[in-house]
Every structure is written in C-alpha cells, then in structure tokens.
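Working notes for the structure below.
The values are calculated or read from the model by the stated rules, or taken from the named source; none is laboratory data. Because the structure is a prediction, the values reported are computed rather than measured. Please note: Cβ atoms are built from the backbone with ideal geometry, for glycine as well, and neighbour counts cover all protein chains shown. In case anyone asks, the SASA skips ligands and DNA or RNA and just uses the protein heavy atoms, side chains included. Shrake-Rupley method; radii C 1.70, N 1.55, O 1.52, S 1.80 Å.
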Amino acid sequence: MRFRAEIVDQDSLGHFKRVIRMLAKLAKGCILHICPDKLNFILLGSQESGRASLWCELLKENFFSKFQMKGVSAEYNEIYLQLQLENLTPALNNSHSTEILKIKFINKYSGIFKICIKLLCESNRSCIMTYYFPIEVIPTHLWNKLQEPMVPNLDVSIYLPILKTLKNVVEKMKHVSNYLIIEANQNGELNLKMENELVSVTTYFQDLGNPHLVPEIASEDRQPEEKAEMHINVYQLLHFLGGVQDNPTKATFNMVRNRISYFEFLFEIYSVKYFIPALN
C-alpha cells in the first residue's frame, strides 16, 4: 500500500484546511478512505446505535496537483486508515502562509502519516515543517461496516433555507425538547416542530423547492402535498451545523419517514452527507 498527494493551489488548500477543521469540531477521530479518484473522510455511526454519521468526499481533480495511490491489492485497490484529528489540526493551523502541502502514507513497520508543509516565513523566506502521526490501518474484513448507508425509497427531498437561518431557528427551539420533529413534502414545505407537556412550537418554511427524485430512490405511494415526518435528536443536528465552516452552494434534506434522514451539503469543490437516524 502507498499513498502520496500534493496541494499547491491556494483555494484548494484553503478548502482542505476548512474540511479538517470541520471534522475536528465534530469528532476526535475519523476514517480516511483513499480511492484512486478521491478521498472520503468518514465519521462513523449507525442507525442501530442511534449515532449520526458523516461522509465528506474530496475528488482528486478538485484538490490535488499530484495524487498517487496503490491499494491493498489489485482486487481491493483502496486503503482505509483510522486518523486522530487532534494530531492533524495543529499541522494545518500554522500561523505562517502555506505554499505547498504534501501528504504521504508510510506503511513500513507500522502505519505512519507524514505531512510536509512549505511555509512562507519571515523576510519572505520559505521553510519546510514535517509532521509524523501514527495511524491504524483497517483490515479488509472490516470494510463492509464502513460503507455509506444506502437510502432508497425517499419520501421527501427538499432544499433547505439559508444555513444561518436554520441554525438560529433550531438553536432557539432546543430549550423546548431534546428531539426535533421534521415535517416536509414535495411541495417545498418544511416544518420544524418541538413540543413538551406545556408548549408546542413550530417554525414553517414554504416555497423552498424540491430536487427531482429519480424513480430508483423515490417512494411510489406518496402525493407531493403529503408530508412525511420523523423525530431526530436536536443536538445531533446542532452539532453538525456548528461544525460547518462554509456556506454550501446547495443544501438538501432527505428523509425516509421514521427511519433515517440525511443532510447533503454541496460546497464549491467538495460535498458532505450527514446521516441522522430516527428516534423511536
């Protein structure tokens, strides 16, 4: 196995740093899935455990000037690594201006992640800083547990309001209850509802618009005006919204009623999916 990559474009480098900062806000560690054409950063949860999970996809052509990898074998041309983000973030938060970022996976005696950063230091002189981090290589027999959830038969897919507005609304509503009721339909209507023994609070959004659902993932027995509903942990949603660094160019909420939902954010050159299971 081997992997090495290089980022020289300053915009791509800025996006890469923001991705790492977002992940570090959400979890202490993550799984890095290296493919021939992309990187996936994974924060793993499951519907059975009630924990949320995240998939962040970075396409090779959007970030890297150099990208070389060789997987476990010809049959399994992939690599899965367990990273501790608290080790990674200090290397990327250097106060000096970064010119080039080089990443290398060393699989000699044990897994080592190497990051070389070319910095513009005082008097416009360049210096190079090198960091080494221990990592864990995940064996192939565990890969089937690390796949992105398949979500067929969606009941609703709806565009979200402005992210700042959504976060402020949910932040103010969280004092009512620990769970949030989300109602939405294919007519661009989204309701956020919380209730307890004394009060019920609902925020209504209209005319948000809906992405087209292809037949393979659309529920066949739902009318556009009919609302689907599910209960989610409000703190799982706020945790995610608090970690997002950029404003997405497109943001959608997708639901299979009473089972699972996911928020999909498309940014300029990367994408994020955040899965939240339904509460019973």
Within the accessible area of the stretch 1-69 (1.4 Å probe), percent carbon and sulfur:
44
Taking the Cα centre as origin and putting +1 on Lys and Arg beta-carbons and -1 on Asp and Glu beta-carbons, what dipole magnitude results for the stretch 56-210, to the nearest 20 debye?
920
Relative to the chain, whose Cα atoms define the longest principal axis, helix 234-243 and its Cα axis are tilted in degrees, nearest 10, by 40
Report, ordered by chain and residue number, the lysines lying within cross-link reach of LYS114, taken as a straight Cα distance under 27 Å and ignoring same-chain residues fewer than 8 apart.
LYS17, LYS25, LYS28, LYS38, LYS60, LYS66, LYS70, LYS102, LYS104, LYS145
Run the dipole for the chain about the Cα centre, Lys and Arg Cβ at +1, Asp and Glu Cβ at -1, nothing else charged, and hand back the magnitude in debye, nearest 20.
1380
When only Cα pairs under 8 Å and 6 or more residues apart are kept, what is the percent relative contact order across the chain?
20
Within the stretch 115-214, report the GluC sites (Glu not before Pro) that DSSP leaves as loop and that have at most 16 other Cβ atoms within 10 Å.
GLU197
Place a +1 charge on the Cβ of each Lys and Arg in the stretch 1-55 and a -1 charge on the Cβ of each Asp and Glu, then give the dipole magnitude about the Cα centre in debye, rounded to the nearest 20.
240
Ordered by number, the trypsin sites (Lys or Arg not before Pro) in the stretch 110-173 that occupy a DSSP loop and have at most 14 other Cβ atoms within 10 Å are ARG125
What list of ³J(HN,Hα) values in whole Hz, one per residue of the stretch 29-37 in order, does the Karplus curve 6.51 cos²θ - 1.76 cosθ + 1.60 (θ = phi - 60°) give from phi, with Gly and Pro shown as x?
x, 8, 9, 9, 9, 9, 10, x, 10
Taking the stretch 1-92, which GluC sites (Glu not before Pro) meet the DSSP loop condition and have no more than 13 other C-beta atoms within 10 Å?
GLU48, GLU75
Once phi is turned into θ = phi - 60°, what whole-Hz ³J(HN,Hα) does the Karplus curve with 6.51, -1.76 and 1.60 give for every residue of the stretch 83-92, x standing for Gly and Pro?
10, 9, 5, 5, 7, 7, 5, x, 5, 9
Projected onto the charge dipole of the chain (unit charges on the beta-carbon of Lys, Arg, Asp and Glu, signs +1, +1, -1, -1), the Cα from LEU83, THR249, ALA278 with the largest positive-side position is that of LEU83
So the carbon and sulfur contribution to the accessible area of the stretch 169-280, 1.4 Å probe, in percent, is 44
Most to least packed among 64-70, 151-157 [average Cβ atoms within 10 Å]:
151-157, 64-70
Which of [x] 134; [y] 150; [z] 189 is the computed volume of the Cα convex hull per residue in Å³ for the structure on display?
[y]
Local net charge near THR249, Cβ-Cβ under 13 Å (Lys/Arg +1, Asp/Glu -1):
-2
Cβ-based charge dipole, the chain, positive-most Cα from SER126, PHE113, HIS175:
SER126
Computed over the stretch 135-264, the relative contact order (Cα-Cα under 8 Å, seq sep at least six) in percent reads 32
